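The values are calculated or read from the model by the stated rules, or taken from the named source; none is laboratory data. Please read these numbers as outputs of a predicted model, since none were measured by experiment. Cβ placement follows ideal geometry from the backbone for every residue including glycine, while neighbour counts extend to all protein chains displayed. The protein model used for the area step is the full one, side chains on, heavy atoms only, and it has no ligands, DNA or RNA in it. Shrake-Rupley method; radii C 1.70, N 1.55, O 1.52, S 1.80 Å.
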Amino acid sequence: DARVTQTPRHKVTEMGQEVTMRCQPILGHNTVFWYRQTMMQGLELLAYFRNRAPLDDSGMPKDRFSAEMPDATLATLKIQPSEPRDSAVYFCASGFGVSTEAFFGQGTRLTVV
Amino acid sequence: GQQVMQIPQYQHVQEGEDFTTYCNSSTTLSNIQWYKQRPGGHPVFLIQLVKSGEVKKQKRLTFQFGEAKKNSSLHITATQTTDVGTYFCAGDFYLTQGGSEKLVFGKGTKLTVNP
């Protein structure tokens, strides 16, 4: 049963520390999305890649966030340095483009204290 | 920027009652997708609407896309406790500048069902 895998599922870190979240998209999918979910803002698109190339990262605070796809089986989202306001659930999703069904991972619940 | 407004934010119903959530965009959408997120879970795709005025049904769920492709609704007939969760619409905006696309989620409607 193909699914998007995210690690870690939970992360508690101290303010100022670097956080790396990882995502393994479904094999064969050419589009990978990173979303952040909070009670206040809902689901926000941070960035997305097509064929490993970044297409849109306008939703991502560039000073501290970075997203990469080292290869087709791995997408990473890094926050450095982390801040308490970064506390949220971060979802990775993959699919065959923006206009088609996105398959979401289980998410990484990040708490920055 | 692109925004999709979704109402209501919360809806509490008695089991057996109907439920509707609405989404609205100020600009024309390429298509609209609907997702459901169970408590503690992740969004799961329900359906995509592409054509103006399109209506699709999935058992007790009816999805509509407006004629102008700016609004959409999800209607659940005779809710059950298994319908509990947050329902999101996601509007697909085609950005003429740059020719890119962007999927923007509404804030969701949280449905609770009293048995």
TODO: Look at B:PHE93 and say whether it is in contact (Cβ under 8 Å) with a residue 24 or more places away in the chain, within 12 Å of another protein chain (Cβ to nearest Cβ) and either over 25 Å from A:GLN106 (Cβ atoms) or surrounded by fewer than 15 Cβ atoms within 10 Å (Cβ to Cβ) (or both).
DONE: yes
Open item on the list: Any residue in segment A:54-68 that is assigned to a strand (DSSP E or B) sitting within a Cβ distance under 6 Å of a residue that is crowded, with 17+ Cβ neighbours inside 10 Å and modelled with pLDDT of 90 or more? List the pairs, counting only those 6 or more apart or interchain.
Closed with: A:LEU55/A:TYR48; A:ASP56/A:TYR48; A:PHE65/A:ILE79; A:ALA67/A:TRP34; A:ALA67/A:ALA47; A:ALA67/A:LEU77
TODO: Would you list the strands (runs of 3 or more DSSP E) that sit entirely within segment B:23-115 and hold 2 or more residues that are of a type in the set (S, T, N, Q)?
DONE: B:31-37, B:61-65, B:71-76, B:109-114
- [ ] From (1) over 17 Å from B:LEU29 (Cβ atoms); (2) in contact with a Gly (Cβ under 8 Å, 6 or more places away or on another chain); (3) of a type outside the set (S, T, N, Q), pick out the condition that doesn't hold for B:LEU61.
- [x] (2)
- [ ] Select from segment A:71-113 the residues that are in contact (Cβ under 8 Å) with a residue 60 or more places away in the chain, in a strand (DSSP E or B) and surrounded by 17 or more Cβ atoms within 10 Å (Cβ to Cβ) and list them in ascending order.
- [x] A:ILE79, A:TYR90, A:PHE91, A:CYS92, A:ALA93, A:SER94, A:GLY95, A:PHE103, A:PHE104, A:THR108, A:LEU110, A:VAL112
Open item on the list: Under 6 Å between Cβ atoms, which residue pairs at least 6 apart in sequence (or on different chains) link something in segment B:47-66 that is under 15 Å from B:THR21 (Cα atoms) with a partner that is among the small types (Gly, Ala, Ser) and open to solvent by less than 30 Å² (accessible area, probe 1.4 Å)?
Closed with: B:GLN64/B:SER73; B:PHE65/B:SER72
- [ ] Confirm whether B:VAL104 is over 27 Å from A:GLN37 (Cα atoms) and either open to solvent by 30 Å² or more (accessible area, probe 1.4 Å) or touching a residue at least 24 places away in the same chain (Cβ under 8 Å) (or both).
- [x] no
Task: Matching residues in segment B:21-37 - criterion: being more than 12 Å from every other protein chain (Cβ to nearest Cβ), under 13 Å from B:TYR87 (Cα atoms) and open to solvent by 20 Å² or more (accessible area, probe 1.4 Å) - done: B:TYR22
